[in-house]
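See below for the structure under consideration.
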Protein chains: 2
Amino acid sequence: MANRPVTIKDIAEKLNISVSTVSRALKNNPEISLQTREAVQKLAKELKYQPNPLAVALKTQKSNTIGVVVPQIVSSFYASVVKGIEQVADEFGYQVFVSSSNEKMEKEEKNVNGFLNMRMDGIILSLSRATNTYDHIQKIKDMGVPMVLFDRTSKELEVSKVVADDAAAAHSAVSHLIDGGAKRIAFLTGPEYMLFGRNRMRGYKKALKDKDMTIDETLISRCDFTVEDAKNASLELLKRSNRPDAFFAINDELAIGAIAAAKELGLKIPEEVAVVGFSNSRRSRYMEPSMSTMDQNPKQVGREAAKLLFDQLEDKPGAKDVKEVVVHADLLVRTSSEK
Amino acid sequence: MANRPVTIKDIAEKLNISVSTVSRALKNNPEISLQTREAVQKLAKELKYQPNPLAVALKTQKSNTIGVVVPQIVSSFYASVVKGIEQVADEFGYQVFVSSSNEKMEKEEKNVNGFLNMRMDGIILSLSRATNTYDHIQKIKDMGVPMVLFDRTSKELEVSKVVADDAAAAHSAVSHLIDGGAKRIAFLTGPEYMLFGRNRMRGYKKALKDKDMTIDETLISRCDFTVEDAKNASLELLKRSNRPDAFFAINDELAIGAIAAAKELGLKIPEEVAVVGFSNSRRSRYMEPSMSTMDQNPKQVGREAAKLLFDQLEDKPGAKDVKEVVVHADLLVRTSSEK
DNA sequence: GAAATTATAATGATCGATTAACTTAACCAA
DNA sequence: TTGGTTAAGTTAATCGATCATTATAATTTC
């Protein structure tokens, strides 16, 4: 029953030649006569010979695989990034393995160690929310394994990165709201320690300044990354006498909370409250009303990250320099902010 | 810079013993004196020795990894199944690699071949929508690699499976609608060739019969798996003079379309139109109104599939018999169908 | 026709680990 | 003394492939 896979040895025996000759013949090494080469390749095809990647990797110290660690797998953003990575990896003939840290540092470490153990040729990673030390990342560097960070990165790490220009993205979202007539724009954001939160905050403030509007700190609300929490925070804001007429949320989840709050209070969207989210999640398109949001071009993020990695894998000149690629986000105007 | 990983040989040299002794000592083989064993294990720990899984797998023909192929990765159902699988795999000390077929047979074949090539010890798979031949699945069997199918399976394949009792689930969803007072229940379903569609159809019809209601074939509507299509189909149904007062949809996506249609026509949910979906997608909980749906207990599906696989991997008696485990779905009553 | 050159293929070491088979020394019994 | 047992290792083959080195045969050169 158990069909043992065909090895190079089987081919050698059938043709009465040595394994090394077979190995060379399969690689079209000109040191082997055309006759032999053709005979070997023909038989290999007939027997459906597939090289054993374990053996090849053991011998050559190259596995032709790259590992990707994402914080979550149930996320259209990360799923699209992975697709972008896969596209590029395909071109280079590499297999991609994905694992998720589930926003836990412990799992992230486990995944990284697993990848290193499996001798993967490179690692692309986005830090989990919980990651606060970087020994496991440093270890990748120490082992000389090429690596690229994306999206959730840290300035403490001297590694090539692909990042979003969060400040610019926030700037264009908020400018759009102002252009639509908003006078008091609330900002729903997350915990202070998150880098992208601080960057988007910067963009928010700059957009206001650029239009000579005052920054009202009471309109900035920090919440957990849950719809419920965002809804409560928004309710609180909307019940004030001097309520906001627009919301910019740091992600779609929080924006959904804001919309839920406005609905509950019977406020019209976008006439009385306009909303712009961030991420272009699948939900944002299909909800009622459809939600304006920032599209972060995740596939491109993936492609850029993979390119940086393969530059290193292919030993391109200057590939080892620490680079930072910025991928811009595009504003998608939908019902929730349409004039 | 590139820190070569520590091998068994390094340890052997430092302690002036042979590699085989080191190998045995690390495994606590009693043929090696306690002294030596302790010395080896101590040094191994100090040097942070990690066995090279490639070498181990090559030699032992066991990789301690299992591969999972899912049709989509951006799906809370499959993501949860994977979590369930990972839980069990963790207990057994196996690594799990996941890849997605993206609903394409070609990609599915590629993934399967990749896993077989990597000599994974077992494969858990859910067929893509496009899969219509099974040579690649048969190949897994022929190679004697343990395998379990889940969710999207085929009766043509003699393989252990974990399936949902779709008929029973549909039955309870529809019964719930009837109990809520529905008289004319529309059924939104997909293409005829899908097995789970036929099963849910069976449950739908049986539930009606059980309550002595007549089956009105004009209330059964086939659509693509898109919100738009479902919305259009629902609009058509709801505009009839004799319109349905409830919808049972084969998945949440279609149910969302039905809700969108009812909203557009200004019909009250659930008073004028009740809706029950299927899958308990994340969206179903947070939308307006929150949607009743069937929870398929995906984590349990994963756990059961993994258990079947490990029974085979551990060579438990009778593990090779083709088994079929049924995981039941639970009705989650939310606003869209609440009386 | 002997030497030099070239073409072609075989040998054997190697990657890092496992393991069957064997060695060596110590110990005990008769 | 002889033989048998046991403990504690060592040797060497092996997994499937790669590759530097070496061997052999064929061909060319003078």
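None of the figures in this text is laboratory data; all of them are computed from the coordinates on show. Since this is a predicted model, take the numbers as computed values, not measurements. Ideal geometry is used to build each Cβ from the backbone, glycine not excepted, and the neighbour counts take in all protein chains shown.
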- line: Restricting to Cα pairs under 8 Å and 6 or more apart, the percent relative contact order of chain B works out to 17 percent
field: Rounded FRET efficiency, nearest 0.05, which uses the C-beta distance separating residue A:135 from residue A:64 and R0 of 25 Å
entry: 0.35
task: Sticking with the crude label model, points 7 Å out along Cα→Cβ, report the distance from residue B:271 to residue B:198 in nm, one decimal please.
output: 4.3 nm
task: Using just the helices of chain B, give the 222 nm mean residue ellipticity in deg cm²/dmol: DSSP H runs with n ≥ 4 each add -39,500 (n - 2.57), and the total is spread over all residues, rounded to 500.
output: -13500 deg cm²/dmol
field: Net charge, residue B:75 excluded, C-beta distance under 13 Å - Lys, Arg +1, Asp, Glu -1
entry: +2
message: I need the inter-copy label distances for residue A:324: point set 7 Å along Cα to C-beta, values in nm with one decimal, smallest first.
response: 5.8
- line: For the protein assembly as shown (alpha-carbon point model, no solvent) the Debye-based log₁₀ I(q)/I(0) at q = 0.05, 0.06, 0.09 Å⁻¹ works out to -0.29, -0.42, -0.91
- request: Using a cut-off of under 18 Å, list every residue of the stretch B:280-308 whose amide N is near the label point 7 Å from the Cα of residue A:285 along the Cα-to-beta-carbon line.
  value: B:282-284
- prompt: What is the list of residues in the stretch B:174-201 whose amide nitrogen lies under 16 Å from a point 7 angstrom out from the Cα of residue B:224, following Cα to Cβ?
  reply: B:189-192
query: For chain B, what D do you get in µm² per second when you plug the Kirkwood radius from alpha-carbon pairs into Stokes-Einstein at 10 °C and 1.306 mPa s?
result: 70 µm²/s
Average beta-carbon neighbours from other chains, 10 Å sphere, peptide B:74-85: 3
- request: Return the subset of B:205/B:299; A:161/B:104; A:107/B:48 for which the Cα-Cα distance in this structure is over 25 Å, preserving the input order.
  value: B:205/B:299; A:161/B:104
- prompt: In nm, to one decimal, how far is the residue A:41 label point from the residue B:15 one, both placed 7 Å along Cα→Cβ?
  reply: 4.9 nm
statement: Simple SL model, points at 7 angstrom along Cα→Cβ for residue A:300 and residue A:165; separation in nm is 1.0 nm
message: Using a 7 Å offset from Cα along the direction of the beta-carbon, what are the separations from residue B:56 to the same position in each other copy, nm, ascending?
response: 2.4
message: Taking the Cα centroid of the stretch B:1-39 and of the stretch A:21-61, what is the distance between the two, rounded to the nearest whole Å?
response: 35 Å
query: So how far, in whole Å, is the C-alpha centre of the stretch A:229-268 from the one of the stretch A:166-213?
result: 16 Å
message: Considering only C-alpha atoms, what is the centroid distance from the stretch A:276-328 to the stretch B:66-108, in Å?
response: 24 Å
